[in-house]
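The values are calculated or read from the model by the stated rules, or taken from the named source; none is laboratory data. None of these values were measured; they are calculated from a predicted model. Cβ sites come from the backbone with ideal geometry, for glycine too, and all protein chains shown count toward neighbours.
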Amino acid sequence: MALMLNEIYQQPRIIGSLWEKQGDAVERVVSDIRSRDIRFIILAARGTSDHAAIYGKYLFEIKNHMPVGLADASVYTIYDSTIKMDNVLVIGISQSGQAPDIIEYLTRSRANGALTVAIVNEPDSPMTQAVDHTLCCCAGPEKAVAATKTYTSSLAVLYALSSALNSETDCAQKLAGLADEMTKTLGIEEYIKSRVERYRYMPSAVIVSRGLNLCTALEMSLKVAETSSIGARGYSAADFLHGPIGSIHSSDPCFVIAPPGKALGVMGESLKKLQDRGAETVVISSEADLLECASVPLKMDAVVDEELSPMLYILPGQIFAYYLSRARFMDPDNPKGLSKVTKTR
């Protein structure tokens, strides 16, 4: 089995055991958050990890009622500014823990008064030396260039931290249940494999979702772009209607990610607008009314709480990206011109 596909299949096991491995570390972070009277959170990340940060922003604001910002590392690394960080929690997210700009953001934020946490898959990486606390993804070595299991495990760490901050006691059970649903969802592989040839020559694609699953649209678009060299673009369904929908023409492929939850109604409206423009709509959902309207339905048999759904709904996107790359006679494990660790300033 190819590296990327093998790592996709490892995800349920990793998610299901995460609280057992990191629960105590999460509780220590929560204790420090409370003792430091943290009132604001900043998430610092790049690439796939930046999509995890977007999930964290929604999660902490919805569940924990704390304002959250996404860091601009260049404020420190290029503009050499100083930011007052009292009562601020800064969380850096990185698969490798080697991103120089994120490390500098954490280092300087800590010096300016912030409480700092690293979410990494490499517990002995340079980033862990720059922070007060480290939370490990516990995903094991990820050998494929395109991140899969480190992405979902980063989401799971953020979910665990949010749950613990709310004094919820069922995080372990919810992650274990999610792992079971992820295993069920991987059964969609053959269905996707049988239909991916249709999109082999598409020059571009649009992927839309909303709210907690904005990260899913962005991450799926990145996986398709990385592995197949296609100009895939991910959007919030709301932002998409503010202009970009004008670029959609008849038969353009548009992927709609629509799990059940509070954002579902908006996604139904977005699907209708895409159909009005003649787009070919690939709908990833468990909801029969949306699937019936799709050009190509990707039916999700599993149903979870909306706040957990990004870890579930990215699976069809990862599988689609893998098989599309293979259909285009490309190597999804080692995309041309990309490397596992990217260092930016």
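The helices (runs of 4 or more DSSP H) found wholly in the range 108-225 and carrying at least 1 residues that are among the charged types (D, E, K, R), in contact (Cβ under 8 Å) with a residue 12 or more places away in the chain and surrounded by fewer than 24 Cβ atoms within 10 Å (Cβ to Cβ) occupy 171-185, 189-195.
Taking the listed residues A225, A176, the one that is within 25 Å of H249 (Cα to Cα), at pLDDT 95 or above, out of contact with any Ser or Thr (no Cβ under 8 Å at 6 or more places or on another chain) and not charged (D, E, K, R) is A225, with no other qualifying.
Is there a residue in the range 296-312 that is touching a Ser or Thr at 6+ places or on another chain (Cβ under 9 Å), buried (at least 17 other Cβ atoms within 10 Å of the Cβ), of a type in the set (S, T, Y) and at pLDDT below 95? No, the range 296-312 has no match at all.
Filter the range 42-87 down to residues that are in a helix (DSSP H, G or I), within 16 Å of A160 (Cα to Cα) and under 16 Å from the mean Cα position of the chain (by Cα), then give me how many there are. Here the count works out to 9. Here K57 fulfils each of the conditions (1) touching a Pro at 6+ places or on another chain (Cβ under 9 Å); (2) within 22 Å of S153 (Cβ to Cβ); (3) not aliphatic (A, V, I, L, M) apart from (1).
Across the range 196-235, the qualifying residues are those that are touching a helix residue (DSSP H, G or I) at 6+ places or on another chain (Cβ under 9 Å) and charged (D, E, K, R), and the one among them that is nearest to R328 (Cα to Cα) is R200.
Within the range 269-292, the set of residues being free of Cβ contacts under 8 Å to residues at least 24 places away in the same chain and crowded, with 17+ Cβ neighbours inside 10 Å comprises L271, L291.
Condition test on E189, is it over 16 Å from L315 (Cα atoms) and of a type in the set (D, E, K, R)? No: the conditions fail for E189. Determine whether I248 is crowded, with 18+ Cβ neighbours inside 10 Å and at pLDDT below 90. Against the criterion (crowded, with 18+ Cβ neighbours inside 10 Å and at pLDDT below 90), I248 qualifies. Can you report the number of residues in the range 6-40 which are aliphatic (A, V, I, L, M) and more than 18 Å from the chain's Cα centre (by Cα)? Number satisfying all stated conditions: 6. When residues in the range 86-107 are screened for being of a type outside the set (D, E) and without any contact (Cβ under 8 Å) to a residue 40 or more places away in the chain, 3 of them pass.
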